[in-house]
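Undergrad: Sharing a structure, written as structure tokens. Questions coming.
The values are calculated or read from the model by the stated rules, or taken from the named source; none is laboratory data. Source: prediction; values computed, not measured. So basically every Cβ, Gly included, is an ideal-geometry build from the backbone, and we count neighbours across all protein chains shown.
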Amino acid sequence: MPSLVSWLVAGLSVADRAASLSYTLSKTYDASNFLDEFEFQTSAIDLGPSFLAPSMNYQNQADALDKGLVSVQNGKIYLGVDSKKPSDWGQRPTVRVLSKNSFNQGLVITKFTHLPEPVCGGTPFFGTRGTGEYPDIGINMYEGWDLYPVKKVGISTGSGQCIEDQYHQTLYSGGGGGGDCKLGILAARDNLLHQFCHFEQIQNKIWGSPEGGIQALEWTSDAIKLYNWPIDAAPSNIESSNPDTSSWGTPSAQFIKPGCDTQKTFSNQTLEFSPGLCGSQTLWSRDYADGKYGPTCRVITGEESCHGHVTNKPQAFENYYFEVENIRIFQEMEKTQGQLLLDPNGLSFTFDYATSQPSSDNWIGVWPKDDTQAPTWGSITWDYAKENSGSIRIPPPSSTKAGKYKAYLLSGDRTVLASLPSFDYSPAPNTQDQLSLDPNGPLLTFDYATSQPSSDNWIGIWPEDDTQAPTWGSTTWDYAKENSGSLQLTPASSMKAGKYKAYLLSGDRTVLASLPSFDYSLASDSVAFSVKTHYNTNCAGGVDAGSVDSGVDIKPGNGVCVNTNCGVGSLEIPSVGSCPDGQVRISYWQNADCAGDWYGYGYGSRDTCRGLWSNGWGFKSLWLSCAEPDSDCVKQGTCIAAPEPSIEVCRATADAGTTDAFHLKTRYSTGCTGDVHNEVTVPHGNGQCIDTNCAVGSLDIDNVGNCPDGELRISYWEQSGCSGKWFGYGYGSRNTCRTLWSGGSSFKSLWVSCAKQSDDCLSQGTCFIDEVPSRPVCS
């Protein structure tokens, strides 16, 4: 969108005259919410007869999505124009979007991953607009025309005034006009006198960059500052949730008091994006396309008008688009006592908050929007917010109806620290509270559901004849925090066979659901499932013995620890037992006796062979139990497994010299017969080179060592010393005979090592073998 009317475009870089401010993140626009948070404008702005708004056809959201003018994918927001076909109706489809919410002062950081290519007929714009009628006050952050090599930055003051400091500027002035920028420019529509200056950015240029860039707007009561950086030149704290702008250096542009009263002149700004088309016909026909010298766009394109070019040349706009990763808005902590936001990804009544006055008495309350006495009395629900920032979910009462509500962050004496003036609430679909015993699950596994979920809800068990239940005690219990799920309770050691009852309760023991009676039988002799541990990864060969628990019965309950000590590559799980198919949980632990770091879960099922994570190299013990995959804490997001170490625990032990990786003999014949050419012991590490010199057809691999079955890597090389062309990988296993590729005739050396096939570059598609000669190397 051109800004030749009622726009003051200025670029000032003066010494920072404002104290450093502390900011906190208050709003983020990204791929997850952009389409919900921005409105698509379909009406053009009337800039007068010399401007060519008829060249654009602004699309609504549905049409823009359908035509590919806007998209959200791979975490990026795309905003462009139709670059596929000529326009049959004389207007090229494009978009103009404005944020639904406005802001007053603060810090706005925008991360672009692509910026529109400068093209004849292109007038890209990103900036802010006032909420009134155009021409309202606003801030130009990114704007230009045609093939201009640099972008214009500046502000629109309407009838207000901002004066540049011509003695402290780093941007080239292309307009002149004196220190107060007062030029007699008449607005074509309103015939109003406005201020007008041109300044071009010559430092930290990102104009038209296909790699994008980062822009920041800092708007305080004393100044408006604009910053621009290429992606790799941005300040180190640019991604912080509490950035300190004092370390950012001189802004690209700055407007400060007393010449520019940013507090009185500016208010209620919304964000706007527009990959606009066609500025002034005068620019097209008379002005240099690059704004300096050279031919006009009329000469370059061969089109008499910008309108004709835009209509007939869609391919010219293929790279004319914005791609945005995120826009983050921050509030000054010095300007506000706090902030309050509704978490769009949380459950209903989940609030993100921050305050500069934390207290154990602070709290968040919710009221109907039309409650005129809020927050001076009552609330429909509330909870403490004791930290300086955090997230809190306040369960809505069951009587809460759909409608508009408001929320406040308050101190103990009801002083307002922050507010959320309005938000919509819709109750979750009505869920009937229920509690039942899962007949197919492990012992004492309950299925439950409630319309009043809470982190304090719990399930407890009492003897059926306990007349005081559930008002006190319980035989055993555990939290049931979700709105629905499955929960296994661990029987108390004193629990005898007999009849019991169960309740789903709130934190104050309000009954949400009940199971009046069920039978419980002692399970001391029952088996949930059994396993046999195998050295090989495919359960082949005999059952491993020694220090490994070769056969294990797992009783119902919490499970049992199995020490593997780097000697187990797979679990053979028979069909016997009461654990449902697919419900065997395998928990991996760094050290013996299920100690040290925990590396997460795997799952298997009865009557299967389960190859283990890292083929047995990454752990020394397993905790085996009967449990549902959906119930584990990793999938629920309530726990995080330790990162996989760069050197797996069993390899690290072996590298310390406790044992060899493997031992082999190289033999002349392909069936491991004939003379032994060489005898090699390979230690742990990167492996070693073996010269075969056309005299080795097979490898006789001993059983010694601790390289897992199937994990001996053989790398074939054209010349001795593992040099020349490389012909790829093969794999073998301990206690086997491995016939070599081509019977040994197409290579002169091997690199042998202990490594996983899944890790090699061929399997991952990151490398290629050399071309195999038409004649064998050894011929």
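Undergrad: Identify the residue in the stretch 222-275 that is outside any loop (DSSP other than H, G, I, E, B) and charged (D, E, K, R) and, among all such residues, is surrounded by the most Cβ atoms within 10 Å (Cβ to Cβ).
TA: That would be LYS225.
Undergrad: Listed residues GLU239, GLU272; which is under 28 Å from the mean Cα position of the chain (by Cα), in the same structural domain as ASN104 (by TED's automatic domain parsing) and under 30 Å from LEU147 (Cα atoms)?
TA: GLU272
Undergrad: Please indicate, with yes or no, whether at least one residue in the stretch 700-719 is modelled with pLDDT under 90, more than 46 Å from the chain's Cα centre (by Cα), charged (D, E, K, R) and not in a loop (DSSP other than H, G, I, E, B).
TA: Scanning the stretch 700-719, I find at least one residue that is modelled with pLDDT under 90, more than 46 Å from the chain's Cα centre (by Cα), charged (D, E, K, R) and not in a loop (DSSP other than H, G, I, E, B), so the answer is yes.
Undergrad: Please name all residue pairs, on different chains or six or more residues apart, with Cβ atoms under 6 Å, provided the first residue is in the stretch 657-675 and is assigned by TED's automatic domain parsing to the domain that holds CYS689 and at positive phi and the second residue is at pLDDT 85 or above and not in a helix (DSSP H, G or I).
TA: Listed by first residue and then by second, the contacts come to CYS672/SER698; CYS672/ASP700; CYS672/CYS737; GLY674/ARG667; GLY674/TYR668.
Undergrad: Another question, then. Take the stretch 63-85 and flag every residue that is over 24 Å from the mean Cα position of the chain (by Cα) and of a type in the set (D, E, K, R).
TA: The answer is ASP63, ASP66, LYS67, ASP82, LYS84, LYS85.
Undergrad: With the checklist (1) modelled with pLDDT under 85; (2) under 26 Å from LYS76 (Cα atoms) in hand, flag the one item GLY276 doesn't pass.
TA: (1)
Undergrad: When only residues in the stretch 106-153 that are at pLDDT below 75 and hydroxyl-bearing (Ser, Thr, Tyr) count, which is surrounded by the most Cβ atoms within 10 Å (Cβ to Cβ)? Spell out the reasoning first.
TA: In the first step, residues of the stretch 106-153 are kept if they are at pLDDT below 75; the result is 131-137, 149-153.
Going one step further and asking which of them are hydroxyl-bearing (Ser, Thr, Tyr), we end up with 131, 134.
Numbers: THR131: 12, TYR134: 17.
Ranking the candidates gives TYR134 first.
Undergrad: Is it true that GLN281 is modelled with pLDDT under 80 and closer than 30 Å to ARG92 by Cβ?
TA: Criteria met by GLN281.
Undergrad: Among the candidates PRO368, PRO396, PRO358, which residue alone is touching a strand residue (DSSP E or B) at 6+ places or on another chain (Cβ under 9 Å), modelled with pLDDT under 85 and not β-branched (Val, Ile, Thr)?
TA: Result of the check over PRO368, PRO396, PRO358: PRO396.
Undergrad: To continue, here is another question. Go through (1) assigned to a helix (DSSP H, G or I); (2) closer than 30 Å to GLN59 by Cα; (3) not polar (S, T, N, Q) for GLU323 and report which single condition fails.
TA: (1)
Undergrad: Can you tell me how many residues within the stretch 589-645 are under 24 Å from CYS539 (Cβ atoms), of a type in the set (A, V, I, L, M, F, W, C) and part of a loop (DSSP other than H, G, I, E, B)?
TA: Within the stretch 589-645, residues that are under 24 Å from CYS539 (Cβ atoms), of a type in the set (A, V, I, L, M, F, W, C) and part of a loop (DSSP other than H, G, I, E, B) number 6.
Undergrad: Consider LEU612 carefully, then state whether it is modelled with pLDDT of 80 or more and out of contact with any Lys or Arg (no Cβ under 7 Å at 6 or more places or on another chain).
TA: For LEU612, the condition - modelled with pLDDT of 80 or more and out of contact with any Lys or Arg (no Cβ under 7 Å at 6 or more places or on another chain) - is met.
Undergrad: Here are some conditions: (1) closer than 25 Å to ASN457 by Cβ; (2) out of contact with any Phe, Trp or Tyr (no Cβ under 7 Å at 6 or more places or on another chain). ASP371 meets all but one. Which one does it not meet?
TA: (1)
Undergrad: Only residues that are assigned to a helix (DSSP H, G or I) and either surrounded by 19 or more Cβ atoms within 10 Å (Cβ to Cβ) or of a type in the set (Lys, Arg) (or both): list them for the stretch 720-766, please.
TA: GLY744 - this is the single residue of the stretch 720-766 that is assigned to a helix (DSSP H, G or I) and either surrounded by 19 or more Cβ atoms within 10 Å (Cβ to Cβ) or of a type in the set (Lys, Arg) (or both).
Undergrad: Yes or no: the stretch 249-261 includes at least one residue that is under 39 Å from the mean Cα position of the chain (by Cα), hydrophobic (A, V, I, L, M, F, W, C) and over 20 Å from ILE137 (Cα atoms).
TA: no
Undergrad: Based on this model, can you work out whether THR24 counts as surrounded by 18 or more Cβ atoms within 10 Å (Cβ to Cβ), among the β-branched types (Val, Ile, Thr) and at pLDDT below 90?
TA: The answer is yes for THR24.
Undergrad: Taking the condition within 22 Å of TRP613 (Cα to Cα), at pLDDT 80 or above and either under 43 Å from the mean Cα position of the chain (by Cα) or among the acidic types (Asp, Glu) (or both), does TYR731 pass?
TA: yes
Undergrad: Identify, please: which residue in the stretch 509-528 is over 18 Å from LYS496 (Cα atoms), among the small types (Gly, Ala, Ser) and modelled with pLDDT of 85 or more and is, among those, surrounded by the most Cβ atoms within 10 Å (Cβ to Cβ)?
TA: Filtering the stretch 509-528 for residues that are over 18 Å from LYS496 (Cα atoms), among the small types (Gly, Ala, Ser) and modelled with pLDDT of 85 or more, the one surrounded by the most Cβ atoms within 10 Å (Cβ to Cβ) comes out as ALA513.
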